[in-house]
Amino acid sequence: MLLLHAPPEATGIRRVVALFGHGLVGGAIARRLSASLGGREALPFTWSRPEGQLAELARIGERSSELGGPDGRLDLVWSAGKCGFDASEEDAGRELECFGRVVSFAQSLASASTGRLASFHLLSSAGGLFEGQRDIRRDSLPDPRRPYGTLKLRQELFLEGLPASVARHVYRPSSIYGPVSPRHRSGLVSTALLNGVRHEVTSVTGSFTTLRDYVFVEDVAGFVAAQVLHGAPRERGVHFLVSGRPTSIYEVQQEVQRVLKRRIYLAVKSRLTNEQDITFHRQVMPADWHPADLATGLRLVYAQLALQP
């Protein structure tokens, strides 16, 4: 995990952000926060050693206290997790246990006499919570179909135990795409683009007509970072970070071909559980959320890909 920090502001408050998870989304959030806060250091938080996590959390608390001082503000961001859409119940259970330890750690910080924890930010999943639903609105109810979706819903419910003094933000992004990296899971959009550059076939499980909602990782990171840095005290909110524009796998193929100016090839394998649409009404989008369209995002990913050796 990363501790991002800054010297005292004009108010005399030191800002410290504990960021758990440094994958596609967490890495982008870290870059945004680093640009504003400046200081950055890594501390261990080991997935493979659950018995050591309590000691690691204690060290994170000690170090954040050293950086922030007695009156510093600490914000905790959870963008971690090894589970994907096809995670097993066993894997989801282990991840939930780990998350529970972090929430308990946050509760202890918030309950201490200094009351240093100011906000908790959770990266959830719109697709995992609402799989198989169309035209999702504010009054739509989560109905997870897989262990991954149940994990995300239970993570959201865990935050109900935080004191009222702690601001709580839950982010529900739809299908995120971004730069291609061997360290990150790649979804359809990034994989199709990379394989198109390599003249390779992309294997897809689902249907050409399956509808999804795609958002660019830098838009998600920018929104989360803004909430961390400028969110109001004690504010609590659920933010649907979606595009509000249903896009089929066939349309993704067409957009990638326009960017590359060549044909790309998809090998589509039917699988009922992956063929269900997940679409969102634009009313769920935050007023200050302005996502890039797929064509623009694809060009940015392609430009980054072209810079890689």
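Structure summary
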| quantity | calculated |
| --- | --- |
| J(HN,Hα) series, the stretch 236-248, from Karplus relation 6.51 cos²θ - 1.76 cosθ + 1.60, nearest Hz, glycine and proline x | 10, x, 10, 10, 7, 9, 10, 8, x, 10, x, 10, 7 |
| The chain: angle of helix 188-197 to the longest principal axis, Cα-based, in degrees nearest 10 | 60 |
| Spherically averaged projected area in nm², based on the convex hull that wraps the Cα atoms of the chain | 16.0 |
| In degrees, nearest ten, helix 294-307 long axis to first principal axis of the chain (Cα) | 80 |
| The stretch 234-291: C-alpha gyration tensor shape, a/c 1.5 cut-off, then a/b vs b/c | oblate |
| Ranked by how many other beta carbons lie within 10 Å on average, peptides 29-42, 167-180 from highest | 167-180, 29-42 |
| Area of ARG94 that stays accessible when all protein chains are in place (1.4 Å probe, Å², to 10) | 120 |
| Karplus (6.51, -1.76, 1.60) ³J(HN,Hα), θ = phi - 60°, over the stretch 222-230, in Hz, Gly and Pro reported as x | x, 5, 5, 4, 5, 5, 5, 7, 10 |
| Cα-based helix-to-principal-axis angle, 53-68 vs the chain, degrees rounded to 10 | 70 |
| Total charge dipole magnitude, the chain, about the Cα centre, Cβ charges on Lys, Arg, Asp, Glu only, Debye to nearest 20 | 600 |
| Accessible area (Å², per residue) of the stretch 96-146, counting only protein heavy atoms and a probe of 1.4 Å | 40 |
| Protein accessible area in the stretch 1-83, 1.4 Å probe - carbon and sulfur % | 54 |
| The stretch 29-41 - phi-based ³J(HN,Hα) in whole Hz, Karplus 6.51/-1.76/1.60, Gly and Pro as x | 5, 4, 4, 5, 5, 4, 5, 9, 9, x, x, 7, 8 |
| Of all accessible heavy-atom area on the stretch 97-181, the percent that carbon and sulfur account for (1.4 Å) | 48 |
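The values are calculated or read from the model by the stated rules, or taken from the named source; none is laboratory data. Everything quoted here is computed from the prediction, not taken from an experiment. Here Cβ is always computed from backbone atoms with ideal geometry, including for glycine, and neighbour counts include all displayed protein chains. Please note that ligands, DNA and RNA were not included when accessible areas were found on the heavy atoms of the full protein model with its side chains. Shrake-Rupley method; radii C 1.70, N 1.55, O 1.52, S 1.80 Å.
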